[in-house]
Amino acid sequence: MEARISHAVPTRIALLAAASAATFGLCAPASAQTLDNKYWISAMAFYPRIDTDVRVATAAQADIGTDIDFEKDLALDHDEILPSFSGGARFGRVIVGADFYKLDRKGQIGLARDISFDGVVYPATAQVRSGFESEIYRLTVGYAFVQNSSVELGAAIGAHVTRFDMSISGQGTVGGQVGQTEVRRRDALAPLPTIGAFITYKVAPRVELNGRFDWLSLKIDDYDGRLLNAQVGANYAVAKNLALGVAYRYVDYRLGIDKERWNGRVRYKLHGPAVLLQASF
C-alpha cells in the first residue's frame, strides 16, 4: 500500500467539526474535566504531524544499526486523523482520568540508501514494505489544591503505557549473504510512570479553558525513557451536559532499549490540533 501524505490540515479539521455538528446536532469537548459535573466521557479527532525515528540491532551485531526515519526513509504518512477516547471522574478533590489512542501506518518504497534493521542490511534501490503501529494508554490520579466554581488547579501522578510494533520486509543481506525476502518485526511494551499538573478555568458561564502536562525522565531496568505529553484547549457548553471544544496536543516520546535481542531506541513525536466531543453528568 502506497503511503499518502495529506497537506490539507485546516480544511479537514473544519470539515470534521462541521460533520460532528451535523451528526449530533449538539457537540462537546473531551480530554479535560468540566467543573460543572463529576463524570465525563470524550471522543477526539486528533490530526497530528508524526515523526518516527527507530534504531534496532541485536547485541551480537557488529554494527549498531541505522537510525531510520520511518516517514522519510520508508514513506509512512506524516499526517493522520487519529480517533482518541478519554474519560474521568471527580471524587471531591481527587480527579481520575484515562486516555487511549492508536496509530497504524504502512508504507512501500524503493530505498534511497542502505539501512540496517535487526541484523538485515536492505540495500539502496531495494523495494521494501514497512509498518509502524502504536497503542497509547494514559492513566492519571490527581489532587486539586485549588478548587472552586471557576478554577481547578492540581498535580497528578500516573502511567503512560505504549505498545510499539514495527516491521520491514524486502530483499536484504544477512551476514554478507544476499538472501530472498527478509522480514524483520520488533515490538515493545513500555509502561512508564509520569508526574504532571492540570488546570481548568471557567472564563464565562459557557466557556472553559483547560491544560495539562505530563513529564518523565527515568531509567527503569532495560529501558531509558523520556516523555513529554501536553495539551491545551477551550470548551464551549452548548447544553447542560454537552459541549464543543478544540485543543492542541504535543507528545514527545523517547525510549532507549538495552536488551540482548534489541539494542536500540525509538523516538516518536506527535503534535497537532483536534476537535473534541464530550458528554458530562
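Just a few scattered comments:
- Scanning region 126-164 for residues that are polar (S, T, N, Q) and either under 30 Å from VAL54 (Cα atoms) or under 25 Å from the mean Cα position of the chain (by Cα) (or both) returns GLN127, SER130, SER134, THR140, THR162.
- Here the condition is being farther than 24 Å from GLU80 by Cβ and in contact with a strand residue (DSSP E or B) (Cβ under 9 Å, 6 or more places away or on another chain); of VAL174, VAL266, VAL251, VAL275, it holds for VAL174 alone.
- Taken over region 165-196, the residue count meeting the criterion of being more than 19 Å from the chain's Cα centre (by Cα) and either under 30 Å from LEU242 (Cα atoms) or among the acidic types (Asp, Glu) (or both) is 1.
- Lone qualifier among PHE100, PHE70 - being closer than 30 Å to GLY179 by Cβ, surrounded by 15 or more Cβ atoms within 10 Å (Cβ to Cβ), in contact (Cβ under 8 Å) with a residue 12 or more places away in the chain and among the aromatic types (Phe, Trp, Tyr): PHE70
- Test for ILE136: is it closer than 20 Å to LEU255 by Cβ, at pLDDT 95 or above and buried (at least 20 other Cβ atoms within 10 Å of the Cβ): no
- Residue in region 39-50 that is modelled with pLDDT under 90, polar (S, T, N, Q), crowded, with 18+ Cβ neighbours inside 10 Å and over 30 Å from TRP262 (Cβ atoms) present: no
- Among the residues here, THR181 does not qualify as of a type in the set (S, T, N, Q) and buried (at least 19 other Cβ atoms within 10 Å of the Cβ).
- Lone unmet requirement of (1) in a strand (DSSP E or B); (2) small (Gly, Ala, Ser); (3) over 30 Å from VAL121 (Cα atoms) for SER149: (1)
- Any chance ILE168 is part of a strand (DSSP E or B), surrounded by fewer than 19 Cβ atoms within 10 Å (Cβ to Cβ) and either of a type in the set (Phe, Trp, Tyr) or at pLDDT 95 or above (or both): no
- Matching residues in region 193-222 - criterion: being within 30 Å of LYS259 (Cα to Cα), surrounded by fewer than 17 Cβ atoms within 10 Å (Cβ to Cβ) and among the hydroxyl-bearing types (Ser, Thr, Tyr): SER217
- Members of region 113-171 found to be of a type in the set (A, V, I, L, M) and either without any contact (Cβ under 8 Å) to a residue 24 or more places away in the chain or over 30 Å from ASP69 (Cβ atoms) (or both), listed by number: ALA124, LEU139, VAL141, ALA144, VAL146, VAL151, LEU153, ALA155, ALA156, ILE157
The values are calculated or read from the model by the stated rules, or taken from the named source; none is laboratory data. Just so it is clear, the model here is predicted, and its values are computed rather than measured. All Cβ positions, even for glycine, are placed from backbone atoms using ideal geometry, and neighbour counts span all protein chains on display.
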